[in-house]
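Report on one structure; see the data block that follows.
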């Protein structure tokens, strides 16, 4: 009886080291290594939020890529039993992928916006260039001569037309006698009067506040001083010209007595190209 009780019982299984009592997955032998999953989640959240702002597409792309890599690595730890935050790592990887997608969308939006801005700037700059007269021959509007397009001086009475339909015309120069209190006239020189007309044939109002007029006299091109003479000369252009309207101003310049030509330059504004007229004296 005692011998029977001392005999070993057959059929009893001893658990293998490293396995659960029922042969399940390996038991966690040390502290859980959940750092990769947590980092993936944090970076994924920041990356996804950055992706909502198009200008931060580059940041969303970088953080999204890192979050995706860390999330996939964290899932590997979970499968090996080294970590227990499967949900966190999965969420981090998914958010990383979302951040990458948003970064691509943001890049497309940003590049398109920049391209549109460049095209708009080019359009504005092209509107300030002298207009090709051939394009307006059928409209009956005043035309600039071919010399204006080629950068050569215009003659008295010619009109310089710009792409925004601002038109500048300079009349011939006529000899005048300045008043007793005129400023800018030198004794022994001659004074010449000319009329400048600015017409706005476009659709937007045109500001003349930055319009400037200057002149040079004679073959040596010496500066011809502008003459200021009460209410007659020196007031210049000011204010805006509405579409379909025009403004007319008289100017007077002081030139040497032997000068045969007066070169007048009109700059409609900072964004325009200047045009020149050669006037015979």
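Any idea how many residues of the range 222-272 are surrounded by 17 or more Cβ atoms within 10 Å (Cβ to Cβ) and touching a helix residue (DSSP H, G or I) at 6+ places or on another chain (Cβ under 9 Å)?
So the count comes out to 0.
Tell me, yes or no, whether the range 241-248 has at least one residue that is in the same structural domain as residue 177 (by TED's automatic domain parsing) and under 14 Å from residue 265 (Cα atoms).
No: the range 241-248 contains no residue that is in the same structural domain as residue 177 (by TED's automatic domain parsing) and under 14 Å from residue 265 (Cα atoms).
Could we say that residue 104 is free of Cβ contacts under 8 Å to residues at least 60 places away in the same chain, within 30 Å of residue 164 (Cα to Cα) and out of contact with any strand residue (DSSP E or B) (no Cβ under 6 Å at 6 or more places or on another chain) here?
no
Filter the range 68-85 down to the residues that are free of Cβ contacts under 8 Å to residues at least 40 places away in the same chain and under 12 Å from residue 35 (Cα atoms), then identify the one that is surrounded by the most Cβ atoms within 10 Å (Cβ to Cβ).
71
The values are calculated or read from the model by the stated rules, or taken from the named source; none is laboratory data. No experiment lies behind these values; they were computed from the predicted model shown. As a convention, Cβ positions derive from the backbone with ideal geometry for all residues, glycine included, and neighbour counts pool all protein chains shown.
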